[in-house]
Structures are given as structure tokens and as C-alpha cells.
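Asks: Okay, here's the structure, questions in a sec.
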Amino acid sequence: SLSKLQLKTGDLDPRLFSRLRHLQKLDLSDNLLDKFPNSLTLPDLRVLNCNNNKLEDVTALKQFPLLEELTYENNVYLTLNDDYKVMFLLQNLRLLNGKDITKLANHVRRVNSRKLTSKVTAHWEKFFRDQLPEKYTAEQVKSIKKKFLKSVQTNVVYGPSSLSEFTRWRVKMIAEEFLAYSLGLELNTDPEPEEKMDENEEESTESPREAAEDVGQVGDFSSYINNVTVTPSKRKRNHSKPGSGNKRSKSQANTKEEAAEDVSAEPLHFLQCHSKGNSREDFKTQLWSCVFEPLLDCGARKDPIVSSSRTVATCGGESICLIDCETGTVLKKYKVATEEFFSVAWTTLTMVISNSRKKSHNILAAAGRRGIVKLIHVAADFCYGEIKAHKKPIATVCFSPTRETHLFTASYDKRIALWDIGIPDCDYNFKASQLLVLEALSIPLRIALVPTCSDQYLLAGCEGGCFAWNIKLDKEQKSRPFEAVFQFPDEDGGMTTSHRVDGLAFLNDDVVVSKSSKPGCIYLWSWSRSFDAKGKGCQRTVSAVILAELEWSTTDLSYLTLSTCPAKDYVFCGDEQGSVWMYNLSNYTTAWSSAKGKRTDKRIPPTQILNWPELRANGEQLTEVLINNVVSDPTFTYLVVLTSVNITAIWKKS
């Protein structure tokens, strides 16, 4: 205790204090201190009392990182802004002036920081990014940095005006970190500690309700799951008995070879960001579709591997979210109160937005129950148009990989339409036109363009089978029946065309992966060997040339769809118990591609099953989790898992 000694700042000698390596409690109350020296050190300090002094600034307290209790009442120059600063700077602080600030501090460090980071980034994108030439001098950088820091502190506002000083302080810090990160600029101010974001921070975070305000437009944050505890359980399948019914075996791999197959993915984030009306109690909204954003300016259409970003668009219920997979930040959110979104797809358009300069921009198309396609220019936070595509719901949408304005929409009206969405001008005027209508005999659920001839053939998994259409545009006929229907083995050993195909994707240029709602049945088959492009006649029945069958759940539940990661030869499919089945098929693809490639006789078991962790919401365990969709980025760094309980799970391959 050094209380009531008339001490001034100069009396606190760093040479003496820095030797007090184990000091845990320090009482400096009732003195004349106007600030703290920067280098007192005190590495183990836990409790500090500075009541009744003349302190004007609290930022020097960051030198005591283990501080848990702090009091500085009756320092007339300190305000609410200083309270927020210490909550941000001191990650272990629990009590401030006698009050438990744990929840509020979590909000300040995480939600508030994310909100401001999003706003700072948006401010740069909107007003400054285009000011910086491709090749810039140090002088230009210095000038734009000065302008940006001034502008961002003036224009980025958040929270009540009583906290404007704290907000400006944080915005400046975030802006400098952003410039350092994106332009490689050194921070020339006294560097503040970086935000430490625990990769599993959601596990016990309870975000305040303010975290989920203002969700009426793009660009807002959403709350994390509240009161969630996660116990990841990753169980490896027992391969000793192929095809055995012991689906959920906990036993580990039996051989070294099998152990090496372990994909080893870790859970990063569990997000509850599609809640209806932003309710924290919503564990019912179904999430359906997600797709990774292509990176701009790197030939996104040529090489998906180098053009993969860590940003993913997800849809479900009334909203679409843009999520940074690494941080778990919801970067933007777009909401239509009367809609239920089923599908999203990206394209990259070269647009003239300002200064008559052409530039690449990513456009997101989203559609669902209302049969309307929304077109969103994501960087501008702007939904610039809509296409009334169908009178019934749209099940899925996809863009042509070769013609960036060509969009396919598959609807419950049993039609697949091809649209040219046009390119918006600088005022976002655009003209959309319908180019084709493909007639299906039943509702199309999944569509895939044939990679080797994506301008000529489209494949669709429908309620009543798997069909192919000729989509070549040089034909006069605008409305077309299917060209071929594929038949597959049925349960009785015969062949059938009639089955629900609720999963469909290409693993590579030739191998198709399709899932039939015959229980536990995922087939891999050859497009080129099944479909003869020279074959005559429309609406012909052809047998799918099966290459292999994957072992999967025995459920008869529909609409649990599959996806592929062609660059890594992976197939992913979720099941009715919250698990993700992952198949590494790189050992098989070479054999399949040879001219005499013969069928793999035994059903191929999964390389690994990722089991759903024990998630608790408001103290109760979430049960009955269906995995509606699983998508990896093109490099298989992240795995995004969409569920029936309004949770987006993000796993990272370690």
C-alpha cells in the first residue's frame, strides 16, 4: 500500500518498480498522480487501486496485461470513454470500479471491434481504394494514409455519442492496422496491442443484444450463438469391416496407413447469423446454400485454386450473410423480410461504375421461395436489381463458368430457365433477358454444367430422376425437352430412371457424383461413357456407367446435398445426425480416367467422418441436427457446414 503519500507521477521510479516481479496488489489511492509512467513493468499485477488521484489518461495501464481488478473512482478527468478503453486494452479485466464488466468487455473487444473493422474496411473500399494507383510511391502512400485516417475518424460512427472519443480512438487504431496489413505500411504511432481473437471465442461468448441491431441493410453484424459450449468430438470410422452397419464407431484407425488418411479438420466457428427477426432463440431456420466468393483480379474463371478467397456467402430464412471464415466475422448481411432464400451464386462482371474506368466487380445472385432473383453488388452494399424469374419457388441457381452474364434458375414450376442478366451501367441500369427454357418432368433440385462442354450440356438432379439437356444457343428452339434420362441400379438389382436425385456435382471433367434418395446411395459415374453426344433422338434413356459407390448414411431423409472439391479429389456429404462424411478419392481417379477404367467393386468408405460437437444453447444441448449442405473452398482450407438448426459451422483443415 502506497496510499495517502502525496505521490506525484515522478515519484514512481521505474527502476525500483521493475524489480517487483511478483507484486500482485498495489494501492495508489489518495495521491496526486496525473498519469502512469510507461515502464513500471509489474508483470504479475492483478489488483490496482488508483481512487482519488488526478489521472487524465488510462492507456498506459496496458502494461499490466494480467490485471483483473481496477478502481479509479474520483479521478475527475476520466470518463466513460476511458472505461471502454481499459476494457479493450486489458483482456483479463473482470472488475472495474467494483462492477463485474465481463459481458460488456466481451462485447467491446469482439462485437464492437468487428463492427468498427467492417465499417473501416467499407470506408476504404468505397472512398479510397480507387485513389491509389497500381504502382504507388512512398509519397502517394503517405498522403493517402493521412487523408484516410482523418476521413475515417470523422465519418465512421457507431454507438452513442457519449462514446465518440473511444470510437475515434479505436477507429484510428483499426485503420492503421488495416493499412499496415493491406498496404504493408508501418504503424508510426505507438502501436496499440493487437486484438487477440481466440479462434474458439464463440464457445462461451454471450453477446449483448446490441450486437444484432440494424440488420435492415447490407453491412451489419449479427450475433454469435449465446451461451454456447463446444466439445468437439472427431471420431474416425472403423475400416476393419467394410460395409458393416457400425456407422458411428468410436474406434480409431487400425493401421498406420489409415491413420495417415485422417484429414484432421478443427472446428473454428459456430455462427447463428440467419435468425428470424434477429431472435437469439431461433434454432429452427434452415440454411440451404453457400458459395465462396471468387477473388478479383486474378483470373477467377481460369484457375479456381489461386482465386479462392476465405469469404463465403450463405443463405437461409430471410437473409444472406457474407462471412470471413478465418475470423468468423459476419462482414455483411442482406435481408428481405418476406423471402426464404434457397440458393446463392457468384459471378464477376466488368463494369463501369465511376470515372469511365472498367473494373471487375463480384455480383451475388440470390433466389428462393418468391421466385425472384436478387442481384447484389456486394462491395457497394447495394441490391441493384431483381428478375422475376418464375411464379413458383426457385430451388437453385448457377452461373455459366464461361459466360459471366448467363444465369440458370431451376424452379418448382418444373422448368430451368437461362437468363442473360446483362451488365449494369454506372447508374445500375441493366437489361435482363430470357434465352432458354428447359422443360423438366418433375421439380429440378440440383443443376450442374458439364465441365468439358459447359455451353452445350446441362445436367439436373430432379424429384423424378437425373436428366440432361442440350443448351446450345445456336438452335432456334427456345423451349426444349430433355435430351436424355439416366437410369441407375435399383434396390431389386434392376435398373430404374425414377428416383429423387437430391445431390449432383462433378468431381472432375468427367466423373459425376450423384446422390439418390435410395437410402445410403451415392454413385460416381462417367459422363462421357454414359452419354453419347452423337446419339440421335430426344428424350432417350441411357444407362449411367457406374465407376463406384460411396458408403453413406442409411437415412431416407431427402435434400441433404453433396459437394465436391475437384482440385483435391474430395466429396463431402452431411447426414441426419450432424456428421460430415468426407471421401478422398485421389487414389481412384487415375484408374477411372483410363479407357478401360473399370468399376470399383466394393463400396468406398469415408476417409473421415467429422462428428457434430456437443453444442449447448441457453444451457440445453442442440439435438436433431441435419446437415443440409457442406462446401469447401477450392483449396480445401475451410469447410462450411449448413444445418437445419440455424447454425453455420466453419471447420478449418489443420
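The values are calculated or read from the model by the stated rules, or taken from the named source; none is laboratory data. Note that the structure is a prediction, hence the values are computed from the model and not measured. Neighbour counts run over all protein chains shown; Cβ positions are idealised from the backbone, glycine included. Side chains are part of the model used for accessible areas, which takes the heavy atoms of the whole protein and leaves out ligands, DNA and RNA. Shrake-Rupley method; radii C 1.70, N 1.55, O 1.52, S 1.80 Å.
Asks: How many nm is it between the label spots at L296 and V352, if each spot is 7 Å from the Cα in line with the beta carbon?
Replies: With each label point 7 Å from Cα toward Cβ, the separation is 1.8 nm.
Asks: Something else now. What's the FRET efficiency of E491 with S586 using the Cβ-Cβ distance as r and R₀ = 30 Å, to the nearest 0.05?
Replies: Computed FRET efficiency for E491 and S586 comes out at 0.50.
Asks: Here is a follow-up. With a cap of 10 neighbouring Cβ atoms within 10 Å, and only residues DSSP puts in a loop, list the chymotrypsin sites (Phe, Trp or Tyr not before Pro) found in region 51-108. Intermediate values should be presented prior to the final figure.
Replies: On the way: sites: Y72, Y77, Y84, F88; in loops: Y72, Y77.
Filter output for region 51-108: empty list.
Asks: Moving to a separate point now. Amide H neighbours of I443 under 5 Å, at least 5 residues apart or on other chains, H built in the peptide plane: list them.
Replies: Residues meeting the amide H criterion: E463, G464.
Asks: Give the Debye-formula value of log10 I(q)/I(0) at each listed q (0.12, 0.16, 0.21 Å⁻¹), with one equal scatterer per alpha carbon of region 66-174, two decimals each.
Replies: Result of the Debye calculation: -0.52, -0.78, -1.08.
Asks: With label points built 7 Å along Cα→Cβ from the Cα atoms of S558 and N92, find their separation and express it in nm.
Replies: 5.8
Asks: On to the next question. Net charge near E165: determine it from the other residues with C-beta under 14 Å of the C-beta of E165, scoring Lys and Arg +1 and Asp and Glu -1.
Replies: Around E165, the charge tally is 0.
Asks: Follow-up. Please find the FRET efficiency linking S1 to A380, where r is the Cβ-Cβ separation and R0 is fixed at 41 Å, and quote it to the nearest 0.05.
Replies: Efficiency, rounded to the nearest 0.05: 0.10.
Asks: With all protein chains present, how much of the accessible area of region 333-451 (probe radius 1.4 Å) comes from carbon and sulfur, to the nearest whole percent?
Replies: Carbon and sulfur atoms account for 50 percent of the accessible area of region 333-451.
Asks: Contour minus end-to-end for Q131 and A60, with contour as 0.36 nm per residue of separation and end-to-end as the Cα-Cα distance?
Replies: 21.9 nm
Asks: Which order do peptides 432-440, 560-568 fall in by mean Cβ count within 10 Å, highest first?
Replies: My ranking of the peptides, most packed first, is 560-568, 432-440.
Asks: Next up: For region 1-68, what is the accessible area per residue in Å², given a 1.4 Å probe and the full set of protein chains?
Replies: With the other protein chains kept in place, region 1-68 gives 55 Å² per residue.
Asks: Compute the length gained on full extension between S182 and K103: take 0.36 nm times their separation in residues and subtract their Cα-Cα distance, giving the result in nm to one decimal.
Replies: 25.3 nm
Asks: Sticking with this one: Would you please give the residues with an amide H less than 5 Å from that of T396, counting only those at least 5 places away or on a separate chain, with H modeled from the backbone geometry?
Replies: A410
Asks: Then there is this: Mind listing which GluC sites (Glu not before Pro) in region 453-538 are in a DSSP loop and have 13 or fewer other Cβ atoms within 10 Å?
Replies: E476, E491
Asks: Report the gain in length on full extension from S151 to E68: 0.36 nm times residue separation, minus Cα-Cα distance, nm rounded to one decimal.
Replies: 26.3 nm
Asks: Which part of region 482-515 falls in the paramagnetic zone of V545, meaning amide N under 20 Å from the point 7 Å along Cα-to-beta-carbon?
Replies: 483-490, 495-497, 505-515
Asks: In debye, nearest 20, what is the charge dipole magnitude of region 550-618 about its Cα centre with +1 on Lys and Arg Cβ and -1 on Asp and Glu Cβ, if you could check? List each step's numbers first, then the result.
Replies: Values: 7 positive and 7 negative charges, 82 e Å.
Dipole of region 550-618, to the nearest 20 debye: 400 debye.
Asks: Report, in listed order, any pair from K515/K602; K119/K358; K276/K359 with a Cα-Cα distance greater than 29 Å.
Replies: Beyond 29 Å between Cα atoms: K276/K359.
Asks: Right, here's the next one. Top to bottom by accessible area (1.4 Å), largest first, where do E624, E266 land?
Replies: Descending accessible area places them as E624, E266.
Asks: Send over a whole-number figure in Å² for the accessible area per residue of region 504-654, probe 1.4 Å. Before the final figure, lay out each step's value.
Replies: Working: 5580 Å² over 151 residues.
Value for region 504-654: 37 Å² per residue.
Asks: Further, regarding this structure: Within region 16-99, how many Lys pairs that are eight or more residues apart, or on different chains, come under 17 Å at the alpha-carbon?
Replies: 6
Asks: May I pose another question? Which distance in nm do the two modelled labels at Q621 and K142 give, with both placed 7 Å along the Cα-to-Cβ direction?
Replies: That separation, rounded to one decimal, is 6.3 nm.
Asks: How would you rank 157-165, 57-65, 143-151, highest first, on the average number of other Cβ atoms within 10 Å across their residues?
Replies: Output ranking for 157-165, 57-65, 143-151: 57-65, 143-151, 157-165.
Asks: On to the next question. So what is the accessible area of region 73-145 per residue, in Å², with the probe set to 1.4 Å?
Replies: 53
Asks: In whole percent, and with a 1.4 Å probe on the protein chains, what portion of the accessible area of region 575-620 is carbon and sulfur?
Replies: It is 44 percent, rounded to a whole number.
Asks: Step through the table entries K103/K172; K147/K172; K475/K534, compare each Cα-Cα distance with 21 Å, and write down the pairs that go over it.
Replies: Going by Cα-Cα distance, K103/K172 fall outside the 21 Å limit.
Asks: Let me ask something else. Mind running the shape call on region 526-652? Use the C-alpha gyration tensor, a ≥ b ≥ c as the square roots of the eigenvalues: rounded below 1.5 for a/c, prolate if a/b tops b/c, oblate otherwise.
Replies: Here region 526-652 falls in the prolate category.
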